[in-house]
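Structure, as structure tokens:
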């Protein structure tokens, strides 16, 4: 199941990258240097900029990438790489953009629709006399004018995939969160001098089917050398693995990359025998007991828990029905996003490390009944247009820490007369008890959250843990956010219900609407 924003329709503006022309022939000395190094081959593509020349030599089914540079008054071969290019009949377009930036690219046109074009471009730059790592970029276009770009780089032992959607004028519309994949095994194959097109997990027939299982298996070996690989996928919110331990136990392992700490692994409790990774279109989920499609997701506190279940339930007839159940850290519901009914309460499926797989709920009612709502309340203003103050003290004159919309979840700390001390995603204060719903009334409150979109979803929009000298806690890539409260004239308190992530973002970064 591919990333949501990559399902956008896409369109690429084709740019010519220095195509070989009859008049573009290399200087005689360069031609002699190239052909004498590879007797029997011919020059199929060529480009020159100043003191640098790049060429593709071909013959006998072999394609070789060469770079010659003027050094000490004579041309010298600095790159002679027989593994950098696709072999056989596939010949790239070649382009030197200034004398230290080399590009080569392959274009595929859909035989049934010539407007659908995919292009893969390889790029390396020279710094201080050394040609660096090769970056691979896949672009695709469709008829609606939008462009999708997926870029893969290698840096410090990791492959990093970044995705961007552009409009027809090449303005960025949406940027995805980078995906990091362990790839120390590639270290010897990523510089221009040693780049191996067959080793580097670039795009094949479909740029959206990256990375392949071979890449994920090698990543698993780096992270968990004592385990046996069963299956995996790489998504923007993390890597998902199904692994077999030395004793034969199957476990799920979730992996999140952090710029400060690197890769963090979370291993589940033992899975039932026969669990497999992927089921039809649900390629990033577990298939358990021939009945449950289980999608596991990372939560804001660093754990992994259930994201959703798709359950096949037998009906009274010979047919069966599928029921979808969605999970947050402290809620279950019949959907995701903004306009769903959530049943509030702690539940036993928010931590895969201790999860009892035999307890998976077969219906939403089963999931709701297993929850514990005794420590929860939600804001319940008589007028849904109003917002309830969170006060520093149990006094109406105390400083306000923010005003909150109906439906805001609050963990109860203690009751004290007309006031209740609560914790709203790490912010502790007091609310008037009469404007809070508890117990059986929790599910009766209609959320009044406004739907807001990031003004520029292509930028990394920073989320803070406070409005005064707050520290950065996340970069938001989501196009839409759920606003639970307003703090002063400059800040919103926002919540991502699927992960439980909450924090503060400047109001001028958001605009009304759901994107």
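The values are calculated or read from the model by the stated rules, or taken from the named source; none is laboratory data. Note that this is a predicted model, so its numbers are computed, not measured. Using ideal geometry, Cβ is built from the backbone for each residue, glycine included, and neighbour counts are taken over all protein chains shown.
Annotation: of all residues in region 99-113 being modelled with pLDDT under 90 and part of a loop (DSSP other than H, G, I, E, B), the one that is nearest to the chain's Cα centre (by Cα) is 110. Determine whether residue 137 is closer than 24 Å to residue 79 by Cα and either assigned by TED's automatic domain parsing to the domain that holds residue 259 or at pLDDT 95 or above (or both). Taking the combined requirement at face value, the residue does not satisfy it. The set of residues from region 230-269 being over 20 Å from residue 217 (Cβ atoms) and in contact (Cβ under 8 Å) with a residue 40 or more places away in the chain comprises 236, 237, 269.
For every residue, the table says whether it meets (1) assigned to a strand (DSSP E or B); (2) at pLDDT 95 or above; (3) surrounded by 20 or more Cβ atoms within 10 Å (Cβ to Cβ); (4) at positive phi.
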site: 290; (1), (2), (3), (4): no, no, no, yes
site: 294; (1), (2), (3), (4): yes, yes, yes, no
site: 306; (1), (2), (3), (4): yes, yes, yes, no
site: 312; (1), (2), (3), (4): yes, no, no, no
site: 317; (1), (2), (3), (4): no, no, no, no
site: 322; (1), (2), (3), (4): yes, no, no, no
site: 340; (1), (2), (3), (4): no, no, no, no
site: 349; (1), (2), (3), (4): no, yes, yes, no
site: 354; (1), (2), (3), (4): no, yes, no, no
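Yes or no, residue by residue, for (1) within 32 Å of the chain's Cα centre (by Cα); (2) modelled with pLDDT of 95 or more:
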residue	(1), (2)
376	yes, yes
391	no, yes
406	yes, yes
416	no, yes
444	no, no
457	yes, no
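At least 1 residues being at pLDDT 95 or above and in the same structural domain as residue 293 (by TED's automatic domain parsing) is the threshold, and among the strands (runs of 3 or more DSSP E) wholly inside region 161-242 those reaching it are 228-235.
Could you grab me the full set of residues in region 142-158 that are at pLDDT 85 or above and either closer than 29 Å to residue 52 by Cα or not in a strand (DSSP E or B) (or both)? Passing the criteria: 149, 150, 151, 152, 153, 154, 155, 156, 157.
Comparison of 194, 107, 153, 135 shows that the only residue that is touching a helix residue (DSSP H, G or I) at 6+ places or on another chain (Cβ under 9 Å), closer than 24 Å to residue 65 by Cα and surrounded by fewer than 19 Cβ atoms within 10 Å (Cβ to Cβ) is 194. For residue 139, the conditions (1) assigned to a strand (DSSP E or B); (2) under 21 Å from residue 239 (Cβ atoms) are fulfilled apart from (2).
Residue-by-condition table, conditions (1) closer than 27 Å to residue 394 by Cβ; (2) buried (at least 20 other Cβ atoms within 10 Å of the Cβ):
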position: 413; (1), (2): yes, no
position: 420; (1), (2): yes, yes
position: 430; (1), (2): yes, yes
position: 435; (1), (2): yes, no
position: 438; (1), (2): yes, no
position: 453; (1), (2): no, no
position: 462; (1), (2): no, no
position: 472; (1), (2): no, no
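Is it the case that residue 391 is outside the structural domain of residue 309 (by TED's automatic domain parsing) and over 24 Å from residue 498 (Cα atoms)? So residue 391 fits the description; yes. Among the residues here, residue 267 does not qualify as surrounded by fewer than 17 Cβ atoms within 10 Å (Cβ to Cβ) and closer than 20 Å to residue 180 by Cβ.
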